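Peer 1: First, the structure itself, so that you have it in front of you.
The values are calculated or read from the model by the stated rules, or taken from the named source; none is laboratory data. Since the structure is predicted, the reported quantities are computational estimates derived from the model, not experimental observations. Quick reminder, even Gly has a Cβ in these numbers, built from the backbone with ideal geometry, and neighbours come from all protein chains shown.
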Amino acid sequence: MILLQNIQLEGRPVNLFIQGERIHRILPFPETDGLSADETVDCTGKAVIPGFVNMHTHAAMVLLRGINEDLPLRQWLDRIWALEAKMDKQFIYWGTKLACLEMIRSGTTTFNDQYWFAPYARRAAVEMGIRPYISFVILDRFDPALAEHQRRKCIELYEKSLEWKDAAHLAMSVHSVYTVSEEMIRWASDFALDHGMKLHIHVSETDKENIDCRKAHGGLSPTEYLDSLGVLGPHVVAAHSLWLSDHDIELLGKHRVNCVHNINSNAKLASGYRFRYRELVEAGANVCLGTDGASSSNNLDMLETMKTSALFQKAWRDDPSAWPLHEMMDAATVNGARALGLETGEVREGAIADLSIVDLNNSWFLSPGSFLANLVYAAHSDVISSVIASGRFVMRDRVVPGEEEILRGAKEVLKQLS
Ligand SMILES: [Zn+2]
């Protein structure tokens with residue numbers, strides 16, 4: 001048992017006991033209720049928050065950051081795809097390790113990944129101690145032979161995943177309606193439903209995606225098209241969900257779809273920024289946050305994502321209350337957990353102990369203002385001093401084991417791109 005002693009939880013000092021992978025008891029400090037711990041960590045001057053759940057990323061793309069800047073999405077994607085053709089399993093393994101290092105340092109303990117060579121991404125994340133939701137990516141480019149190959153590979157990976165006994169989960173990914181045939185969207189959706197898997201797909205990331213979809217599918221938007229195929233449901237994770245009509249929002253709400261806002265990527269690629277947060281929530285959708293890959297958002301920092309999401313929402317709505325802080329925190333944590341069916345994203349007894357310890361002994365937290373405001377709007381993620389995932393420390397006092405080896409491995413595989 002681990003005891004986080006005298007740690008601030010929502011403004012009050014508590015003793016937080018962790019047993020195995022779960023939060024066992026939370027008691028007002030200094031009570032212990034007779035419990036004894038194998039390890040007591042003095043957390044005086046520190047606060048605890050839930051580990052972040054990054055609901056949409058392409059982790060190994062950290063190795064592509066800063067490449068292809070200042071391009072619109074389609075040109076950017078063409079260049080990224082040319083580079084991806086040079087990647088192999090080792091590239092993904094070391095890229096994901098590096099991504100996990102960055103995620104841990106910024107307080108993320110679960111991530112929903114959509115990238116290649118999934119078993120290697122899984123191995124990397126499991127070794128780092130955080131929870132990957134990885135996926136088999138369907139992207140057939142309307143080529144029946146490629147579709148058949150991906151179907152076979154997907155079934156193979158699913159069968160292998162049944163033997164996984166660690167924190168990793170397998171999801172189904174369909175890249176988007178503009179890269180995947182109708183037949184494969186239907187197949188992936190049926191396969192996901194039959195096997196209780198989440199279905200992760202990019203939806204209405206750009207206006208152009210909508211225009212092209214309406215042309216190709218009798219006037220239907222991507223959301224309407226997916227609905228017409230019977231794909232939408234509470235197991236669907238719709239990344240971006242940015243260019244939505246009232247009817248799209250009604251459908252996403254009705255089917256309890258999980259919509260992931262990725263503002264840093266959207267704003268930087270000039271895809272748009274008018275995410276309709278309030279309408280989605282009121283319609284019944286579950287809104288979560290993601291960073292997208294670091295090739296577009298340049299980092300995997302959820303605190304930064306929260307700040308940018310809030311600023312854009314307040315600005316374009318002309319309303320400072322457009323996305324209140326406690327709802328923003330939920331979008332970065334427990335909403336993602338709900339979307340993935342995980343008991344994490346909350347600091348409560350019985351939940352999985354995925355936690356960040358925030359150091360309050362710095363200028364950001366001196367004022368008597370709101371802790372969340374100071375954390376999201378003022379501080380940077382280096383105030384996160386330690387991170388616990390599934391009840392185990394994955395970072396202590398800013399040290400993540402194996403950092404030097406990861407940097408060496410990443411440098412080595414980067415030679416593949418030249
Ligand atoms: Zn993406």
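Peer 1: I'd like to know if the stretch 69-89 contains one or more residues that are buried (at least 24 other Cβ atoms within 10 Å of the Cβ), more than 14 Å from the ligand (Cβ to nearest atom) and within 28 Å of LEU340 (Cα to Cα).
Peer 2: Within the stretch 69-89 (the criterion being buried (at least 24 other Cβ atoms within 10 Å of the Cβ), more than 14 Å from the ligand (Cβ to nearest atom) and within 28 Å of LEU340 (Cα to Cα)), the answer is no, since none of the residues qualifies.
Peer 1: Conditions: (1) over 19 Å from the mean Cα position of the chain (by Cα); (2) away from the ligand (no atom under 16 Å from the Cβ). SER271 meets all but one. Number of the miss?
Peer 2: So SER271 meets the others, but not (2).
Peer 1: In addition: Looking only at the stretch 233-256, filter to residues that are within 16 Å of the ligand (Cβ to nearest atom) and part of a loop (DSSP other than H, G, I, E, B); which one of those is farthest from the chain's Cα centre (by Cα)?
Peer 2: TRP243
Peer 1: Continuing with the same structure: Anything in the stretch 371-403 that is part of a helix (DSSP H, G or I), free of Cβ contacts under 8 Å to residues at least 40 places away in the same chain and either within 20 Å of ARG22 (Cα to Cα) or of a type in the set (Gly, Ala, Ser) (or both)? List them, or say none.
Peer 2: ALA378 - this is the single residue of the stretch 371-403 that is part of a helix (DSSP H, G or I), free of Cβ contacts under 8 Å to residues at least 40 places away in the same chain and either within 20 Å of ARG22 (Cα to Cα) or of a type in the set (Gly, Ala, Ser) (or both).
Peer 1: Could you please let me know if LEU289 is away from the ligand (no atom under 15 Å from the Cβ) and either in contact with a helix residue (DSSP H, G or I) (Cβ under 9 Å, 6 or more places away or on another chain) or on the phi > 0 side of the Ramachandran plot (or both)?
Peer 2: no
Peer 1: Against the conditions (1) within 24 Å of ASN335 (Cβ to Cβ); (2) of a type outside the set (Val, Ile, Thr); (3) free of Cβ contacts under 8 Å to residues at least 40 places away in the same chain; (4) surrounded by fewer than 21 Cβ atoms within 10 Å (Cβ to Cβ), where does TRP243 fall short? Just the number, please.
Peer 2: For TRP243, the exception is condition (4).
Peer 1: For the stretch 181-196, enumerate the residues that are buried (at least 20 other Cβ atoms within 10 Å of the Cβ) and over 16 Å from GLU224 (Cα atoms).
Peer 2: Matches in the stretch 181-196: MET184, TRP187, ALA188, ALA192.
Peer 1: Continuing with the same structure: Inspect the stretch 59-68 for any residue being more than 16 Å from the ligand (Cβ to nearest atom) and either surrounded by 17 or more Cβ atoms within 10 Å (Cβ to Cβ) or part of a strand (DSSP E or B) (or both) and give the result as yes or no.
Peer 2: No, every residue in the stretch 59-68 fails to be more than 16 Å from the ligand (Cβ to nearest atom) and either surrounded by 17 or more Cβ atoms within 10 Å (Cβ to Cβ) or part of a strand (DSSP E or B) (or both).
Peer 1: I'd like the residue in the stretch 110-131 that is surrounded by 24 or more Cβ atoms within 10 Å (Cβ to Cβ) and among the charged types (D, E, K, R) and, out of all such residues, is nearest to the ligand (Cβ to nearest atom).
Peer 2: Looking at the filtered set, the residue picked out is ASP113.
Here's the yes/no breakdown for (1) touching a residue at least 60 places away in the same chain (Cβ under 8 Å); (2) loosely packed, with under 14 Cβ neighbours inside 10 Å; (3) closer than 22 Å to ARG256 by Cα; (4) aromatic (Phe, Trp, Tyr):
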position: LEU303; (1), (2), (3), (4): yes, no, no, no
position: LEU311; (1), (2), (3), (4): no, no, no, no
position: THR333; (1), (2), (3), (4): yes, no, yes, no
position: GLY345; (1), (2), (3), (4): yes, no, yes, no
position: ARG348; (1), (2), (3), (4): yes, yes, no, no
position: SER363; (1), (2), (3), (4): no, yes, no, no
position: LEU366; (1), (2), (3), (4): no, yes, no, no
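Peer 1: Starting from the stretch 265-292, keep only residues that are among the hydroxyl-bearing types (Ser, Thr, Tyr), then list their pairs with residues that are in a helix (DSSP H, G or I) and more than 15 Å from the ligand (Cβ to nearest atom) whose Cβ atoms are within a distance under 7 Å, requiring at least 6 positions of separation or different chains.
Peer 2: TYR273/PHE312; TYR273/TRP316; TYR277/GLN313; THR291/MET302
So that you can scan it fast, the table gives a plain yes or no per residue for (1) in contact with a Ser or Thr (Cβ under 8 Å, 6 or more places away or on another chain); (2) modelled with pLDDT under 95:
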site: LYS89; (1), (2): no, yes
site: TRP94; (1), (2): no, no
site: LYS97; (1), (2): no, no
site: LEU101; (1), (2): no, no
site: SER106; (1), (2): yes, no
site: ASN112; (1), (2): yes, no
site: ALA118; (1), (2): yes, yes
site: ALA124; (1), (2): yes, no
site: GLY129; (1), (2): yes, no
